[in-house]
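Peer 1: Just passing along the structure, written as structure tokens.
The values are calculated or read from the model by the stated rules, or taken from the named source; none is laboratory data. Fair warning: this is a prediction, and the values are worked out from it, not measured in the lab. When we count neighbours, we look across all protein chains shown, and the Cβ atoms used for this are built from the backbone with ideal geometry, even at glycine. Ligands, DNA and RNA are stripped out before the accessible areas are found, and what is left, the full protein with its side chains, is counted by its heavy atoms. Shrake-Rupley method; radii C 1.70, N 1.55, O 1.52, S 1.80 Å.
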Amino acid sequence: MKRREFIALIASAAATWPLAARAQQSERMRRVAILVPYPKGDLEFEVRVRAFRQELGKLGWTDGDNLQFDERWTADNMELVWAEAASLVASNPDAILATGGRVTPVLMQLTRSIPIVIPVASDPLGVGWATSLARPGGNITGFAMLELSVLGKTLEILKQIAPAIVRVALIYNPDNPNTVFYRRTFQAAAGPLAVEPLDIPIHGLVDVERAVASLADQQNSGILFPGDLTTSALRREIVALVARRRLPAIYSESAFMRVGGLASYGADGVDLYRRSAGYVDRILRGEKPGDLPFQQPTKYQLVLNLKTAKALGLEVSPTLLALADEVIE
């Protein structure tokens, strides 16, 4: 081989080295951690996680090929949440999908560098998870579950279903930082609807039982359950309690409807998990979470249970029925 040809060959090979290196880098196995503060076997949240994983598959990320999932299910056990969150952060995944008003602050204390996507956030600005909705900054982004007007709309629907109510209790776990947002919007919405707003903080089932019993002793009372890990995990017990005491109640989570709840109004949780996959995809391809805006839900769902309404002696108006996305009979 002539000297000139040899030099040309070396130069050609050198030019391809960066391309090969980039190809190897893009093909490396990525890791996505999923932290779910519900027990494994919770059908509602298994559907949501499955939707997230399936959407990532559609975007080109194949489990076991170029992507590896690490799922942790903790139930409503904050000691276990801390332990699993610390374990996930120590494993240094490429991104973390996490939900829960009490779970996100744990991850924020453990890492300021690993990207975190939150499919269900209520007030990311108010609780300090973002510096702005348009550019969150830091390592957290995601989707906001509630707009300011939604809780008021939820209360309005309850009043339409049970027009005789004169007081409504907001039942929530005060350890959830989003409850400041819940209380503010709930109290602002109560006045125009001529209902007395009652704040009832709870930490477990015993507190809920006590609150429901107290409300049942007062005629024309109703209950609003905003999105919350504690009440959602106890949804089967809560719906049974409310039915036994014959109280009209509305929920922000449609999961309550699968176990006999009267009505729910809120963002489509499955859709939010599916859309979260798009953000994780963009992060895996090099975008920074701080540059990805917190988005608002595009789909809200009103679900009504006519069987439960009938058991309570309530008649749902044709107008409200026409607005419902789903009617359970």
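Peer 1: Determine which aspartates and glutamates satisfy two conditions relative to Lys159: a Cα distance under 14 Å, and not lying fewer than 8 residues away in the same chain.
Peer 2: Partners within reach: Glu196, Glu315.
Peer 1: Next question. Out of residues 5 or more away from Arg167 or on other chains, whose amide H comes under 5 Å of its own, with H placed 1.01 Å from N in the peptide plane?
Peer 2: Excluding prolines and chain starts, which carry no amide H, the hits are Glu196, Gly222.
Peer 1: Okay, moving on. Counting DSSP beta bridges with both partners in the chain, what percentage is antiparallel, nearest 5? Before the final figure, lay out each step's value.
Peer 2: Numbers: 5 of 42 bridges.
Around 10 percent of the beta bridges assigned by DSSP in the chain are antiparallel ones.
Peer 1: So what is the relative contact order of the chain, in percent, for Cα pairs below 8 Å that sit 6 or more residues apart?
Peer 2: On the way: 583 pairs, mean separation 61.1, N = 329.
It rounds to 19 percent for the chain.
Peer 1: Check which residues have an amide H placed less than 5 Å from Lys299's amide H, if you skip close sequence neighbours.
Peer 2: Those lying under 5 Å, H to H, from Lys299 are Asp268.
Peer 1: Sticking with this one: Out of every Cα pair in the range 170-329, what percent are spaced more than 26 Å from each other?
Peer 2: 34
Peer 1: While we're looking at this one, here's another question. Please compute the per residue accessible area over the range 158-197 with all protein chains in place, 1.4 Å probe, rounded to a whole number of Å².
Peer 2: Accessible surface, normalised per residue, equals 40 Å².
Peer 1: Measuring from label point to label point, each 7 Å out along Cα→Cβ, what is the Leu320 to Arg210 span in nm?
Peer 2: Between Leu320 and Arg210, the label points sit 3.1 nm apart.
Peer 1: Right, next: Report the Cα centroid-to-centroid distance between the range 52-89 and the range 288-329 in angstrom, as an integer.
Peer 2: 29
Peer 1: Let me ask something else. Could you state the accessible area per residue of the range 243-329 in Å², with a 1.4 Å probe and every protein chain left in place?
Peer 2: With the other protein chains kept in place, the range 243-329 gives 46 Å² per residue.
Peer 1: Now a separate question. Hey, what D do you get for the chain in µm²/s if you plug the Kirkwood alpha-carbon radius into Stokes-Einstein at 10 °C and 1.306 mPa s?
Peer 2: Numbers: Rh = 21.5 Å.
For these conditions, the coefficient is 74 µm²/s.
Peer 1: Taking only DSSP H segments of four or more residues, each worth -39500 (n - 2.57), what value at 222 nm results for the chain once the sum is divided by all its residues, to the nearest 500 deg cm²/dmol?
Peer 2: Taken over the chain, the calculation gives -13000 deg cm²/dmol.
Peer 1: In debye, nearest 20: dipole of the chain around its Cα centre with unit charges on the Cβ of K, R (+) and D, E (-)?
Peer 2: Dipole about the Cα centre, nearest 20: 900 debye.
Peer 1: Straight-line reach from Lys58: which lysines have Cα under 27 Å away, leaving out those fewer than 8 places along the same chain?
Peer 2: Filter leaves Lys40, Lys288, Lys299.
Peer 1: Where the Cα atoms of the range 234-282 are projected onto their three principal axes, how long is each span, largest first, in whole Å?
Peer 2: 48, 17, 11
Peer 1: Further question on the same structure: Check which residues have an amide H placed less than 5 Å from Gly142's amide H, if you skip close sequence neighbours.
Peer 2: The list, which skips near neighbours in sequence, is Ile118, Phe294, Gln295.
Peer 1: In the range 248-321, what percent of the accessible surface is made up of carbon and sulfur (1.4 Å probe, ligands and nucleic acids excluded)?
Peer 2: Answer for the range 248-321: carbon and sulfur cover 50 percent of the accessible area.
Peer 1: Round to the nearest 0.05 the FRET efficiency obtained for Val166 and Ala240 when R0 = 35 Å and r is the Cβ-Cβ distance.
Peer 2: Efficiency computed from Cβ-Cβ geometry: 0.90.
Peer 1: List, in order, the whole-Hz ³J(HN,Hα) value for each residue of the range 102-116 obtained from phi through the Karplus relation with A = 6.51, B = -1.76, C = 1.60 and θ = phi - 60°; use x for Gly and Pro.
Peer 2: Rounded to whole hertz, the list is 9, 8, 4, x, 4, 5, 5, 6, 8, 8, 10, 10, 6, x, 10.
Peer 1: Now for a separate question. So in the range 210-324, what percent of DSSP beta bridges are antiparallel if you round to the nearest 5?
Peer 2: Restricted to the range 210-324, the bridges split so that about 50 percent are antiparallel.
Peer 1: Run the numbers on the range 74-163 and let me know its relative contact order in percent, using alpha-carbon pairs under 8 Å that are six or more apart.
Peer 2: 22
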